[in-house]
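**Q** Please find one structure pasted underneath; my questions will follow.
The values are calculated or read from the model by the stated rules, or taken from the named source; none is laboratory data. Bear in mind that the values here come from a model prediction, so they are computed numbers and not experimental data. Neighbour counts run over all protein chains shown; Cβ positions are idealised from the backbone, glycine included.
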Amino acid sequence: MARLVLSEAHSDRVEKILRELLGKTGARCAILADISGQLLAVEGRVKGLDTTVLAALIAGNVAATAEMARLLGERKHFQILFHQGEEHNLHLGAIGTSFLLAVVFSVQTQIGLVRLFAMRAAEELGKMAPEWESLVMVPGASTQTVPEDFAQTLADELDNFLKQE
Amino acid sequence: MLINWKLREINLKIVYYGPALSGKTTNLEFIHAHTNPKMRGDLVSLKTREDRTIFFDFLQIELGAIKGLKPKFQLYTVPGQTYYLATRKVVLQGCDGVVFVADSQRERLAENCATRVNLLTNWRDLGIDAVRMPLIYQFNKCDLPNIVAPETLRAALQVDTTPYFIASATQGTGVFETLKAIINAVAARVQTQI
Ligand SMILES: Nc1nc2c(ncn2[C@@H]2O[C@H](COP(=O)(O)OP(=O)(O)OP(=O)(O)O)[C@@H](O)[C@H]2O)c(=O)[nH]1
Ligand SMILES: [Mg+2]
């Protein structure tokens, strides 16, 4: 099971990195996700944007191109993907082998700027990543734990929560 | 699995796996159509013009807070067509539990078995421990006339202690039972993980 734990301090640091990226580039929003499609953090203007679904699609996109890279005999994944639209561009960058940074920006925004600062943000995030991945492995490292009777309580209440309509 | 303490959320990924046309997408469509819209997101389907899954379907279910922690379940389906074999492994990445949707029709028996072997192979390639991964079987299309007995499917798929549900995804029987079973199995694992 892939296990990731983001403490509040982690989230704060990640969000700060994403905000700086947006501040320096004027991009619309930035999304940090993992390759299984889970959304770790998002910053910027995301009203009306389904970031959960976007994270799932981004991960699928990157995973598909990783397979293309493999077929072409590349030793590593493609590090950057770029999608060009009429109003928005989407810049996707790999952070190591497990995480992805997506930046959505207007076509008026300078691509070079986004590329540069996205790369810097990815480097910083990449340095932090081992902490999220290892937290659960180290006993006592996480100050917060899942309540002991979480699964039992969920089982007891599942019929109330999940009603067929 | 992702726990975000700032948002007090726990994200869990469940993958519907199975042979071509066994009814994986139909399961998600039924769940989407029959849950309170407040508890679910949009159903996103990456499919061909013929409605066959080319990459995956995606649906997020969000339950109310349990002991101050809000569980979110991300449901995915894989493409059953062997033509898209490579993408199955991609979708399995980081999964916390699997629903194996088998097709109960007699002529699909061999295909069910082959897909189960393929699931085990993909798990192994991804470094996933098959013994500990939550797995629920669903014997779908039970409404059709030419089906094999559940016992036959059980034996063929080597379902011994693993729970299974008999279902008709088009009619909706067994769909929620299957979903609840995998949710509970996955949630039980969360506890032993931390
Ligand atoms: N009679 C009957 N038909 C079903 C049932 N479940 C699904 N079907 C039908 O079987 C066909 C395939 O269903 P899908 O849900 O698209 O199958 P799938 O497993 O997602 O197929 P792929 O994406 O190609 O792997 C559709 O025509 C469904 O309506 C069932 O329980 N009974
Ligand atoms: Mg499908």
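**Q** B:CYS142 versus (1) within 14 Å of chain A (Cβ to nearest Cβ); (2) modelled with pLDDT of 95 or more; (3) part of a loop (DSSP other than H, G, I, E, B): which is the lone unmet condition?
**A** Here B:CYS142 clears every test but (1).
**Q** To continue, here is another question. Inside the range B:75-86, can you point out the residues that are buried (at least 21 other Cβ atoms within 10 Å of the Cβ) and either facing chain A (nearest Cβ under 7 Å) or part of a loop (DSSP other than H, G, I, E, B) (or both)?
**A** B:VAL78, B:PRO79, B:GLY80
**Q** Any idea which of B:PHE165, B:PHE176 is away from chain A (no Cβ under 11 Å) and closer than 28 Å to A:LYS163 by Cα?
**A** Selected residue: B:PHE165, the only one of B:PHE165, B:PHE176 that is away from chain A (no Cβ under 11 Å) and closer than 28 Å to A:LYS163 by Cα.
**Q** Residue check, B:LYS89 against (1) away from ligand 1 (no atom under 13 Å from the Cβ); (2) in contact with a strand residue (DSSP E or B) (Cβ under 8 Å, 6 or more places away or on another chain); (3) more than 7 Å from chain A (Cβ to nearest Cβ), all met but one. Which one?
**A** So the condition that B:LYS89 fails would be (2).
**Q** Just checking, how many residues over the range B:138-177 are within 13 Å of B:LEU109 (Cβ to Cβ) and among the acidic types (Asp, Glu)?
**A** Total meeting the criteria: 1.
**Q** To continue, here is another question. Could you list, in sequence order, all residues of the range B:44-56 that are within 28 Å of A:LEU158 (Cβ to Cβ) and more than 10 Å from chain A (Cβ to nearest Cβ)?
**A** Answer for the range B:44-56, where residues must be within 28 Å of A:LEU158 (Cβ to Cβ) and more than 10 Å from chain A (Cβ to nearest Cβ): B:SER45, B:THR53.
**Q** With A:ALA155, A:ALA151, A:ALA66 as the choices, which residue is touching a Phe, Trp or Tyr at 6+ places or on another chain (Cβ under 8 Å) and within 14 Å of chain B (Cβ to nearest Cβ)?
**A** Answer to the selection: A:ALA66.
**Q** So, in the range B:59-77, of the ones that are touching a Leu at 6+ places or on another chain (Cβ under 7 Å) and within 16 Å of ligand 1 (Cβ to nearest atom), which residue ends up farthest from A:LEU49 (Cα to Cα)?
**A** Out of the qualifying residues, it is B:THR77.
**Q** Just need a number here: residues in the range B:1-21 that are hydrophobic (A, V, I, L, M, F, W, C) and within 16 Å of ligand 2 (Cβ to nearest atom).
**A** Result for the range B:1-21: 4.
**Q** Continuing with this model, one more query. Grab the strands (runs of 3 or more DSSP E) fully contained in the range A:1-44, keeping just those with 1 or more residues being more than 10 Å from every other protein chain (Cβ to nearest Cβ).
**A** A:29-34, A:39-44
**Q** Here's a follow-up. Scan the range B:30-57 for residues that are within 22 Å of A:THR51 (Cβ to Cβ) and away from ligand 1 (no atom under 13 Å from the Cβ) and jot them down.
**A** Within the range B:30-57, B:THR35, B:ASN36, B:PRO37, B:LYS38, B:MET39, B:ARG40, B:GLY41, B:ASP42, B:VAL44 qualify.
**Q** Now a separate question. How about the range B:22-47: which of its residues are within 10 Å of ligand 2 (Cβ to nearest atom) and part of a loop (DSSP other than H, G, I, E, B)?
**A** B:SER22, B:GLY23 - these are the residues of the range B:22-47 that are within 10 Å of ligand 2 (Cβ to nearest atom) and part of a loop (DSSP other than H, G, I, E, B).
**Q** Inspect the range B:142-154 for any residue being in contact (Cβ under 8 Å) with a residue 40 or more places away in the chain and in contact with a Pro (Cβ under 6 Å, 6 or more places away or on another chain) and give the result as yes or no.
**A** No, the range B:142-154 contains no residue that is in contact (Cβ under 8 Å) with a residue 40 or more places away in the chain and in contact with a Pro (Cβ under 6 Å, 6 or more places away or on another chain).
**Q** Failed condition for B:LEU59, given (1) in a loop (DSSP other than H, G, I, E, B); (2) within 14 Å of chain A (Cβ to nearest Cβ), with all others met?
**A** (1) is the only condition that B:LEU59 fails.
**Q** Within the range B:1-25, which residues are within 14 Å of chain A (Cβ to nearest Cβ) and basic (Lys, Arg)?
**A** Matches in the range B:1-25: B:LYS6, B:ARG8, B:LYS13.
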